[in-house]
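What follows is a short report on a single structure.
Just so it is clear, none of the values below were taken in a lab; they were calculated from the coordinates. Note that the coordinates shown come from a computational prediction; the quantities given were computed from them, not determined experimentally. All Cβ positions, glycine included, derive from the backbone under ideal geometry; neighbour counts span all protein chains shown.
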Amino acid sequence: MRKRLVAGNWKMHGSRQHNASLIAELIAGLEKGTAADVLICPPYPYLHEIGRALDGHGIWLGAQDACAEDEGAFTGEVAAAMLRDVGCSHAIVGHSERRALFNEDDRLIARKFVAIQRAGLTPVLCIGETFDEREQGMTSRIVERQLGAVLDVAGPGAFAASVVAYEPVWAIGTGRTASPQQAQEVHAHIRGIIAARDAKIADSLRLLYGGSVKAANAAELFAMPDVDGGLVGGASLQADEFLGIIEAAA
Ligand code: PGA
């Protein structure tokens, strides 16, 4: 049985004041424990402070990205080892906003994935097709290409210590959630790609769905056999919504 994981991607939102009340509400809401694992991914400047606030409360801390390089003259970049140093256990990599808005390609994302693991963190690899790609019947091919780029560089063994998030681009921030059947179909395909290389790793790999997950639709998504939790954007910024999603995963 794969333990479910609910991850919050705060994107570029927050302030010290806002974070403090959100974290306090989450900690209070999870006081009695939960059957699911919980991860939150705030912006870089807040990681250390939030990590301290989370200490001992059983909520994991993650970053939203990391540099492919370990150290050096890379102005503005943040190394995975630094993220670990400030208390992160995870880092998102290959989010569609990084791919589309910051021109990150499969090759760079694969290098970042490896750098994140090299620093001892768990990568949360995001893959997914655009609306046009789905319309053209290319969904399977797109996730094969995105996953294949990482498999080629990191090997199937790397997926024993990683999380994959299927995030159809057309569902992110749009309120147009994939149906549970649409999510399940792609999740089963993703697990199959890994299973063709290593069945045991595929069986234990946690596959999250992301794209307009809300408290109201989480339970039906998480009921699908290959959906092991969610990567949540907008709804992770509201304590009651995020707690509702975590409850649906428990
Ligand atoms: P959303 O974002 O939940 O706001 O659609 C999901 C994500 O981008 O990870």
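If you average over every viewing direction, what projected area does the convex hull of the Cα atoms of the stretch 87-229 give, in nm²?
Mean projected area for the stretch 87-229: 8.4 nm², to one decimal.
Along the three principal axes, how long is the stretch 1-50 when you take its alpha carbons, biggest first, rounded to the nearest angstrom?
That works out to 36, 20, 16 Å along the principal axes.
Under the rule that an exposed site lies in a DSSP loop and has at most 14 other Cβ atoms within 10 Å, name the longest stretch of the chain with no chymotrypsin sites (Phe, Trp or Tyr not before Pro) of that kind, not counting the sites themselves.
Of all site-free stretches, the longest is 103-250.
Let me check I've understood the local charge: for ALA68, count other residues with C-beta under 15 angstrom from its C-beta, Lys and Arg +1, Asp and Glu -1. What total comes out?
Surrounding charge for ALA68 is -2.
Take every Cα-Cα distance within the stretch 50-109, group them into 10 Å bins from 0 onward, and report for each bin the whole-number percent of pairs it holds.
Pairs per bin, as whole percents: 21, 45, 28, 7.
Can you return the aspartates and glutamates within cross-link range of LYS200? Criterion is Cα-Cα under 15 Å, with same-chain partners fewer than 8 residues away left out.
ASP226
Go through the stretch 150-217 and name the trypsin sites (Lys or Arg not before Pro) that are in a DSSP coil and have 16 or fewer other Cβ atoms within 10 Å of their Cβ.
The qualifying sites are ARG176, ARG197.
Is the C-alpha gyration tensor of the stretch 110-172 telling us rounded, prolate or oblate? Criteria: a/c under 1.5 is rounded; beyond that, a/b larger than b/c is prolate, otherwise oblate. Can you show the working numbers first?
Values: a/c = 3.05, a/b = 2.03, b/c = 1.50.
Since a/c reaches 1.5 and a/b is larger than b/c, the shape of the stretch 110-172 is classed as prolate.
Where Lys and Arg each count +1 and Asp and Glu each count -1, what net charge lies around ALA171 among other residues with Cβ under 12 Å from its Cβ?
Here the charged neighbours net out to +1.
Residues with beta-carbon under 12 Å from that of LYS3, excluding LYS3: net charge, scoring Lys, Arg +1 and Asp, Glu -1?
+1
Using only Cα atoms, locate the centre of the stretch 73-108 and the centre of the stretch 199-221, then give the distance between them in Å, rounded to an integer.
22
Could you give the distance between the Cα centres of the stretch 1-35 and the stretch 117-133, to the whole Å?
So the two Cα centres are separated by 21 Å.
What distance in nm lies between label points placed 7 Å from Cα along the C-beta direction at ASP240 and LEU101?
Reported label-point gap for ASP240 and LEU101 is 2.8 nm.
If you place +1 on the Cβ of every Lys and Arg, -1 on the Cβ of every Asp and Glu, and leave all else neutral, what size is the dipole of the chain about its Cα centre, to the nearest 20 Debye?
Around 280 debye, computed over the chain.
Which log10 I(q)/I(0) values, to two decimals, does the stretch 42-164 give at q = 0.15 Å⁻¹ under the Debye formula with one point per Cα?
Log-scaled intensity ratios, in q order: -0.69.
Using Cα positions and a limit of under 29 Å, work out the lysines in reach of LYS11, with same-chain residues fewer than 8 apart set aside.
LYS3, LYS32, LYS112, LYS214
Could you give the dipole magnitude of the stretch 111-250 about its Cα centre, charging the beta-carbon of Lys and Arg +1 and that of Asp and Glu -1, in debye to the nearest 20?
Using only the charged Cβ atoms, the result is roughly 500 debye.
State, to one decimal in nm, how far the label point of MET12 lies from the label point of ARG145, with both points 7 Å from Cα in the Cβ direction.
2.7
Assuming R0 = 41 Å, what is the FRET efficiency of ALA223 and GLU25, from their Cβ-Cβ distance, to the nearest 0.05?
0.95
Once Lys and Arg get +1 and Asp and Glu get -1 on their Cβ, which of ALA149, GLN238, GLY192 lies farthest toward the positive end of the dipole of the stretch 104-250?
So the residue we want is ALA149.
If you average over every viewing direction, what projected area does the convex hull of the Cα atoms of the stretch 208-250 give, in nm²?
Its Cα hull, projected and averaged over all orientations, spans 2.5 nm².
Tell me what the chain gives for mean residue ellipticity at 222 nm when only DSSP H runs of n ≥ 4 count, each as -39,500 (n - 2.57), the sum divided by the residue total, rounded to 500 deg cm²/dmol.
Using -39500 (n - 2.57) per qualifying helix, the result is -13000 deg cm²/dmol.
Bin by bin, in steps of 5 Å, what percent of the Cα pairs in the chain do you find, going until the bin that has the longest distance?
Pair shares across the bins are 1, 7, 15, 19, 21, 18, 12, 6, 2, 0.
Helices from the chain with mean Kyte-Doolittle at least 1.6 and a Cα length along the axis of 30 Å or more, per DSSP H: which?
none
Just to confirm the filter: which trypsin sites (Lys or Arg not before Pro) across the stretch 1-31 are DSSP coil and have at most 14 other Cβ within 10 angstrom of their Cβ?
Here the trypsin sites (Lys or Arg not before Pro) that fit, given the DSSP loop and packing criteria, are ARG2, LYS3.
Given springs between every Cα pair under 10 Å in a Gaussian network model of the chain, which of GLU135, GLU25, GLU97 has the largest fluctuation?
The residue that fluctuates most here is GLU135.
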